[in-house]
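The next block holds one structure in the form of structure tokens; read it before the comments.
The values are calculated or read from the model by the stated rules, or taken from the named source; none is laboratory data. Quick caveat, the model's predicted, so the values are computed rather than measured. Heads up, the Cβs are rebuilt from the backbone with ideal geometry, glycines too, and the neighbour counts pull from every protein chain shown. These area figures cover heavy atoms from the full protein model, side chains too; ligands, DNA and RNA do not enter into them. Shrake-Rupley method; radii C 1.70, N 1.55, O 1.52, S 1.80 Å.
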Amino acid sequence: MPPQGAERDSFVLFESDAKDPDVITHMAPQAEKRQTQIVWRNVAIFTYLHLGFLYGAYLMLTTVMWKTRLFCLILYVCSGLGITAGAHRLWAHKSYKAKLPLRIILTLFNTLAFQDAVVDWARDHRMHHKYSETDADPHNATRGFFFSHVGWLLVRKHPQIKAKGHTIDMSDLRADPVLRFQKKYYMYLMPLICFIMPSVVPALWGETVWNGYFTCAVFRYVAVLNGTWLVNSWAHLWGDKPYDRHINPVETKVVSVAAIGEGFHNYHHTFPWDYKAAELGNYTFNITKFFIDTMATIGWAYDLKTVSTDVIQKRITRTGDGSHPVWGWGDKNIPEEDKKVTTVINPEKEE
Ligand code: ST9
Ligand code: ZN
Ligand code: ZN
């Protein structure tokens with residue numbers, strides 16, 4: 001039963017509850033006709049960056065030194081971790097806690113990724129979970145692949161985002177001095193860490209600054225952006241839903257590789273507080289889990305939250321689509337009574 005009256009505004013939805021008609025009336029209505037105001041400055045910047053990405057890819061395949069290629073890969077993983085282990089799992093979801101040295105490292109990695117200050121990123125991301133697939137979700141995937149991938153960064157935000165924004169409590173992150181420092185000096189830190197440092201460091205082993213800029217800065221930056229955006233687009237459109245078939249997010253290994261462990265999105269939207277952002281967290285597909293586990297062994301990451309196998313199994317049998325490799329419908333271990341209470345959507349018609 002969702003809370004009533006004023007309390008409802010701070011009620012965090014479990015997304016499958018969105019089927020509840022009482023909750024639906026409370027959620028942001030889908031505007032029949034949306035007025036989109038294109039931000040041409042962003043269109044120009046992202047066009048330039050993507051052309052630079054293509055040129056950087058050409059240099060990566062032809063003239064750059066092996067050390068530069070390796071450095072580019074290391075920067076991809078580090079900036080990726082700044083988003084996955086930092087902005088996403090640590091700060092937006094608080095799925096684990098981090099000691100000061102780790103918070104500083106993740107803030108540096110996060111600035112290397114240039115996806116705006118953590119407090120702003122996490123505010124949009126908390127909106128994405130609370131108001132998933134409505135106009136108050138910044139990258140509402142019901143508006144199609146392009147909008148959820150990059151289009152949402154090319155237009156003014158829907159008024160519902162600003163109207164519902166006050167329901168998101170950000171006081172925890174605003175209280176962190178490391179994040180306050182990042183936000184305050186972002187316009188200096190970001191160009192230095194994301195563009196200047198990756199361009200000049202390769203000069204140490206004889207690479208040109210030109211090559212360093214187009215590969216380790218532009219190519220790497222745009223690659224990480226697209227890896228991230230795929231979680232909003234592809235991972236909300238095409239794949240299996242073993243944990244909750246009522247929501248749009250899916251499981252996709254392709255996106256998991258690009259997004260270093262963030263493609264298990266049906267699981268993540270079902271259990272957003274799990275530090276693995278996946279049920280099993282196989283290291284090949286979830287480098288981020290490997291990183292957090294490693295930090296935990298040296299004591300810099302602690303209070304890692306996860307979900308018990310029992311709870312996951314019950315959820316799979318109650319709301320999954322039957323595609324789970326262990327507890328899918330083909331599994332003899334599923335109790336008959338669980339199968340009886342399961343509704344089959346669009347059942348196959350008998351000839
Ligand atoms: C980028 C972000 O790319 C990507 C995020 C992706 C998230 C993915 C999540 C998936 C899970 C994790 C997977 C990780 C995988 C990683 C893989 C790595 C290998 N609540 O925004 P403004 C209010 S960034 C409350 O300007 P406009 C607020 O008052 C790329 N209030 O709106 C605000 O003022 P302030 C680099 C809100 O004017 C005011 O509105 N960055 C909220 O409509 C104005 O806000 C860029 O390119 C809210 N949520 O402009 C910048 N939002 O902030 C792109 C707003 O002072 N962005 N308000 O409080 C922009 O240029 C603009 O935001 C805009 C909208 C044009 C898009
Ligand atoms: Zn999502
Ligand atoms: Zn999330």
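Quick look at the values:
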| quantity | calculated |
| --- | --- |
| Which listed pairs, of K97/K289; K67/K289; K130/K276, have C-alpha distances above 22 Å, in listed order | K67/K289 |
| Integer Hz, Karplus 6.51/-1.76/1.60 couplings in order for the stretch 198-213, x for Gly and Pro | x, 7, 8, 4, x, 5, 4, 10, x, 6, 7, 5, 4, 5, x, 5 |
| Contour minus Cα-Cα distance for I196 and I104 (0.36 nm per residue) | 31.2 nm |
| Net +/- balance of residues flanking V257 in space, Cβ distance below 15 Å, scoring K and R +1, D and E -1 | 0 |
| Exposure of W234 as accessible area (Å², to 10), given a probe of 1.4 Å and all protein chains | 80 Å² |
| Förster-model FRET efficiency, 41 Å R0, V155 and F290, C-beta, rounded to 0.05 | 0.65 |
| Around S199: net Lys/Arg minus Asp/Glu count, Cβ-Cβ under 14 Å | 0 |
| Simple label model, 7 Å out from Cα along Cβ direction - T63 to D172, nm | 4.9 nm |
| Contour minus Cα-Cα distance for W210 and L70 (0.36 nm per residue) | 48.7 nm |
| Chain lengthening between N282 and F146 when straightened (0.36 nm per residue, less Cα-Cα) | 46.0 nm |
| Cα pair distances of the stretch 37-241 binned at 10 Å [whole percent] | 8, 32, 36, 20, 4, 0 |
| Label-point separation, V257 to S308 (7 Å along Cα→Cβ), nm | 3.7 nm |
| Set K99/K164; K162/K241; K94/K157; K253/K305 screened for pairs whose C-alpha atoms are more than 29 Å apart | K99/K164; K162/K241 |
| Distance from the stretch 251-275 to the stretch 163-196 (C-alpha centre basis), Å | 24 Å |
| Local electrostatic count at G80 - Lys and Arg +1, Asp and Glu -1, tallied over other residues with Cβ under 15 Å | +2 |
